[in-house]
1. Semi-axes of the equivalent ellipsoid of segment 224-374: what are they in whole Å, largest first, if each equals the square root of 5 times a C-alpha gyration tensor eigenvalue?
2. Is there a pair in 289/460; 47/69; 289/323; 47/323 whose C-alpha atoms are over 19 Å apart, and which pairs would that be?
3. In debye, nearest 20, what is the charge dipole magnitude of the chain about its Cα centre with +1 on Lys and Arg Cβ and -1 on Asp and Glu Cβ, if you could check?
4. Say the dipole of segment 396-461 comes from +1 at the beta carbon of Lys and Arg and -1 at that of Asp and Glu; which of 450, 419, 433 then lies farthest toward its positive end?
5. Within the accessible area of segment 354-420, what % is carbon and sulfur when the probe is 1.4 Å and the other protein chains stay in place?
6. Could you report segment 139-192's accessible area per residue, 1.4 Å probe, as an integer in Å²?
7. For segment 155-219 and segment 225-254, compute the distance between their C-alpha centroids and round to whole Å.
8. What FRET efficiency comes out for residue 371 versus residue 189 if R0 is 22 angstrom and r is the Cβ-Cβ distance? Round to the nearest 0.05.
Amino acid sequence: MEKKSLWLTYSPERKAECFAFNEEYKAFMSAAKTERESVTEVIKMAKAKGYRDLYEVIAEGGRLVPGDKVYANNRGKAAMFVQIGSEDLEKGLKILGAHVDSPRLDFKQNPLYEDSEFAMVKTHYYGGIKKFQWVTLPLAIHGIICKKDGTSVNVNIGEDAGDPVFGISDILPHLGKDQNGKSIGEAFTGEDLNLNIGSIPAEGEEKNAVKKNILNILKDKYGMEEEDFLSAELEVVPAGPARDLGLDRSMVYAYGHDDRVCAYTSAAAQFALADTIPDRAYVTLLVDKEEIGSVGATGMHSRFFENCMAEIMNLTGGYSELKLRRCLSNSCMLSSDVSAGFDPNFPGVHEKMNAPFFGYGPVLSKFTGSRGKGGSNDAGPEFIASLRDIFEKDEVAFQMAELGKVDQGGGGTIAYILAQYSMDVIDVGVALHNMHAPWELASKADIFETYRAYISFLTKM
Ligand code: MN
Ligand code: MN
């Protein structure tokens, strides 16, 4: 069971490949900071590899044959990518799944107000955040404004070097006596997370002149009225690109590794095999809403995946309910999501024998959940054994670990939702420090080895 760091086992060529892969990953992470931007970027990658829009194939009355590649876009916030294999779909699919939403602050639907001659925005946090981490940081606004006439405008402010950024204030330590007496959970409340977006009053206005000035700017720039906030999805995220961390440049500091690190590596692995004909079809599922329970039309609980598989079956030689059921239950899946890497600053929350370490490859977790594996998928040992076998054949390093000490907390993923089709599913992913913080940390070796593990799964399983 003695293991060696990937940094010591990688050949110079593989190390170079690892660093080059991470350059592409950082470019993706800097461009894709929301679920929508992630879906847009991955569809761009897919099109470059010859993927066609499933709905266009349906509209044209087309067929799908082995080697064909299609994608389906679910409302711009989730997507699936399928490469048809030579085997009948009844024999099952090889599925890679990850989520593309990340914890953040969303604009409320009535967001804009003026207080003490500042224009401010009310936010409602999305997912599990530690609120104190989101103050006094440069923040960007990404999202979409949908208007009554059916048109929409994309918003992305704070990422270009010349862009302004936004921020949430905190009390100076000199006046922090009362705040210091509170617990972390009480000192920063959700209603305190109000975003400062301006301070110049419009001329000739008596009341709310600063807010009016901001509304004038919004009208000029986006042609929007205040009412249009009602049908907008505006997300506040940390501003700036993903960067190398460490003098040795061994790690990536980025917003939203959870779970775009698994989304990107899954898609990249499947797309790297675009010129081959699989035996059983390859599927990459990128879903939204994992951080709030996988609900809604774009979350994993939605029937979108099942509906699209019915359509695809119809285009490959005939749909039947029975064939679809067989297809789903004969499938196997790597449900990919991040894990909590051992952190020397906080050793107390891990149990060292079963904690993942940076530089030892993707983390396989037999189970997730909390309080006695509650809510967990708990992968079967037969499936785990077959993964051990293929990873050994392809010399892919992995570590078997769990998220933190027993009863220290826990977490969930989308694994249990796919397992409901009675398919084999296991949680796999990259270990992080600072999960759910504005800047999360991952090892470049783990990111690259996770990509290699997905290639192994698609080609050998
Ligand atoms: Mn996650
Ligand atoms: Mn998460």
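The values are calculated or read from the model by the stated rules, or taken from the named source; none is laboratory data. Treat the numbers as computed from the prediction; the structure is a model and nothing was measured. As a convention, Cβ positions derive from the backbone with ideal geometry for all residues, glycine included, and neighbour counts pool all protein chains shown. Note: accessible area is taken over every heavy atom of the protein model, side chains too, but ligands, DNA and RNA are not part of it. Shrake-Rupley method; radii C 1.70, N 1.55, O 1.52, S 1.80 Å.
1. Numbers: eigenvalues 210, 125, 69 Å².
Output for segment 224-374: semi-axes of 32, 25, 19 Å.
2. Details: 289/460 31 Å; 47/69 9 Å; 289/323 29 Å; 47/323 29 Å.
Cα-Cα > 19 Å for 289/460; 289/323; 47/323; rest within.
3. That gives the chain a dipole magnitude of about 820 debye.
4. Of the candidates, 450 comes out farthest on the positive side.
5. Numbers: 1570 of 3260 Å².
Accessible surface attributable to carbon and sulfur in segment 354-420 totals 48 percent.
6. Working: 3510 Å² over 54 residues.
About 65 Å² of surface per residue is accessible.
7. Rounded to whole Å, the Cα centres lie 17 Å apart.
8. Details: r = 26 Å, r/R0 = 1.20.
Given R0 = 22 Å and the Cβ-Cβ separation, E is 0.25.
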